[in-house]
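Below you'll find the structure, written out as structure tokens, and then a few comments.
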Amino acid sequence: MAAIVWWLITVVVVVVHSASARPIVLNWEVKYKFRWPDCKEGVVMAINDQFPGPTINAVSGDTVIIYLTNKLSTEGVVIHWHGIRQNGTPWADGAAGVTQCAISPGETYTYNFTVDKPGTHFYHGHYGMQRSAGLYGMMIVRSPEERLRYDGEFNLLLSDWWHQSVHAQELALSSKPMRWIGEPQSLLINGRGQFNCSQAAYFSEGGGLRQCTFKENDECAPETLRVEPNKVYRLRIASTTNLASLNLAVEGHKLEVVEADGNYVAPFTVDDIDIYSGETYSVLLRTHSFSSKKHFISVGVRGRKPNTTQALTILNYADASDSDRPTNPPPVTPRWDDYYRSKSFSKKIFAAEGYTPPPKKSDDQLILLNTQNLIDGYTKWAINNVSLSVPVTPYLGSIRYGLNKHELKSPAKRFVKDYDILKPPVNPNTVKGTGLYTFPSGIVVDVILQNANVLKGKNSEIHPWHLHGHDFWVLGYGEGRFRPGVDEKTYNLRNPPLRNTVALYPFGWTALRFVTDNPGVWFFHCHIEPHLGMGMGVVFAEGVDQILKMDIPDEALTCGSTMKLLMNRGRR
């Protein structure tokens, strides 16, 4: 009965809120703060002194207005609303150098946009490596007509954590030779992790990590998810990791996957889920009939040889004593390089019934070859032999006012047919560029992401790619080099999932399709922070004729050539 009452109350709140549709107005200040995210003191980027930042709870159709004040003393800041399409408000997307200028220290910028899409989303910094510094939080957008039925829900925001500052990391990655930042020291669940100890150490034999001990109100003490028996709980999971691909499991429980990147999927049940940086999921967890046990929730590293201890938190049944320990060890994270297992999970994801399938044919095809390269001895990533370098003046402003046309030339849409993706590049050198591809409004575009070997040795990495301003259909995955005219025949055109982030697996390709129905300038990039910072991204401009008519707020363009233009206009 309690479950039914809980759900009815939720529905009433949603309907009343939707009918009133009042704006959600927030005043935020971004500051550096000392915190203990993994039981070791470090500096985090906090919003209103909170780390992670405050959770935004909204209903589809709400207008969100955030007055963001930069209280950092020496650097700019922006925030990207990951999963929100920003239809009609591209300047609110929060991508520095693409849709807006960074907000200078002491200044306030107004983000004003409509959350048109329900689902599990999050927000994060999109300037330098500020996401790695902890600038992130959950954003939950509910639907007035929620199709899922459950008794309660929990948010799990997953991240990785380094003890080295992000400024030191940025310097290391841009040095010659590059100094790799290494694997994270800790994994965090809702901003909490444990370094150099483990909650489950008492299960290990012959040494290993010591057992973690916590004092009351310790910032690094794991949150406990308290549940009742014979109930259904929705776990909303988002990964904002800087580097790590992750796997999540709940000891003794199955997980039913029902949502991916804010879109319902055909439900399927698994023991655990892989989740890459930039992805979100909802899973339903059904509790057992007994009420006095505790179970580990584990998060471990996938896709890279791990050197980081699992993050653990506790699923605590109602009658379990706070002093009790789980009776079983946490699930073992699958082997990091079991890519067959990772691909099998991705290939289980299909759109739920009722979703519109993709158009049967595309109007344009763009093949993007991912390679690791050099520029004057500096290690870079490149797309079609162009390493992305975002200009000082945001693309959106340059296009709107007809500025910097030399920066806005599109690279050739060509695929290097004879490139051997299985070996290091014969010619490792690349060039910098703005990586801007222009499309007219209302066409169907296929993008094929092609992976390749790295600069040295025999290796190819996972790259989770995220598209701003859109969802896309994931048409399929393949091994080896994409074969135009052949591999298109394998596409799933019946029920492919809608996503905004998708994995590109080692030595393979991933195909996606989207419609250019959102005039603006949109980032498309690897969501691994070091890879983007080293050039792994492109930019899509669509509906340029409509961008030329946009009434872009001046505060979005107070840098570079647009700042000079606005200043001159103000003198007249």
The chain - mean residue ellipticity at 222 nm from DSSP helices (-39,500 (n - 2.57) per run, n ≥ 4, rounded to 500):
-3000 deg cm²/dmol
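Taking a ≥ b ≥ c as the square roots of the Cα gyration tensor eigenvalues, with a/c under 1.5 meaning rounded and otherwise prolate when a/b beats b/c, else oblate, which class fits the stretch 263-359?
oblate
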Cα shape, the stretch 358-404, gyration tensor, a/c 1.5 rule
oblate
Take the Cα coordinates of the stretch 87-134, assign each an equal point scatterer, and use the Debye formula without solvent to give log10 I(q)/I(0) at q = 0.22, 0.23 Å⁻¹.
-0.98, -1.04
Over the C-alpha atoms of the chain, what are the Rg and the largest Cα-to-Cα span, Dmax, in Å?
23.3, 78
If each residue of separation counts as 0.36 nm, what is the full-extension length gain between residue 31 and residue 163 once their alpha-carbon separation is subtracted?
45.7 nm
Carbon and sulfur: what percent of the stretch 27-148's accessible surface (1.4 Å probe)?
44
In the stretch 193-236, trypsin sites (Lys or Arg not before Pro) in a DSSP loop with at most 15 other beta-carbon atoms within 10 Å
215
Determine the dipole magnitude for the stretch 17-145: charges of +1 sit on the beta-carbon of Lys and Arg, -1 on that of Asp and Glu, nothing else is charged, the reference point is the Cα centre, and the result goes in debye to the nearest 20.
120
Euclidean distance between Cα centres, the stretch 238-283 to the stretch 73-89, Å:
24
A student applying the Cα gyration tensor rule (rounded when a/c is under 1.5; otherwise prolate if a/b is larger than b/c, oblate if not) would label the stretch 146-355 oblate
If I fit a long axis through the Cα atoms of helix 560-571 and take the longest principal axis of the Cα atoms of the chain, what angle between them do I get, 0 to 90°, rounded to 10?
70
Averaged per residue, what accessible surface does the chain expose to a 1.4 Å probe, in Å²?
41
When the accessible area of the stretch 477-541 is computed with all protein chains present and a 1.4 Å probe, what percentage of it is carbon and sulfur?
54
Give me the one-decimal nm value for the distance between modelled label points at residue 107 and residue 226, 7 Å along each residue's Cα-to-Cβ direction.
4.6
On the Cα set of the stretch 17-145, report Rg and Dmax in Å, please.
14.6, 47
Sorted by average packing, counted as other Cβ atoms within 10 angstrom per residue and highest first, what order do 339-345, 48-54, 390-396, 498-504 take?
498-504, 390-396, 48-54, 339-345
What is the spin-label model distance, in nm, from residue 412 to residue 566 if the labels are put 7 Å beyond Cα along the C-beta direction?
3.9
Quick one: which of 305/380; 231/348; 343/380; 176/432; 176/423 span more than 18 angstrom between C-alpha atoms?
305/380; 231/348; 343/380; 176/423
Angle between the Cα long axis of helix 2-20 and the longest principal axis of the chain, 0 to 90 degrees, nearest 10?
30
For the stretch 317-433, give me the percentage of DSSP beta bridges that are antiparallel, rounded to the nearest 5 percent.
65
Reachable lysines, given that their alpha-carbon falls under 22 Å from the alpha-carbon of residue 347 and they are not under 8 places away in the same chain:
254, 360, 361, 489
When the Debye formula is applied to the Cα atoms of the stretch 364-563, each taken as the same point scatterer, what base-10 log of I(q)/I(0) results at q = 0.08, 0.09, 0.16 Å⁻¹?
-0.27, -0.34, -1.05
What is the distance in Å between the Cα centroid of the stretch 150-215 and that of the stretch 309-368?
19
Residue separation times 0.36 nm, minus the C-alpha to C-alpha distance between residue 356 and residue 55: what's the value?
105.3 nm
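The values are calculated or read from the model by the stated rules, or taken from the named source; none is laboratory data. This one's a predicted model, so the numbers in the text were calculated from it and none came from an experiment. Glycine gets a Cβ as well: all are built from the backbone with ideal geometry, and neighbour counts include every protein chain shown. Heads up: the accessible areas ignore ligands, DNA and RNA and are worked out on the full protein's heavy atoms, side chains in. Shrake-Rupley method; radii C 1.70, N 1.55, O 1.52, S 1.80 Å.
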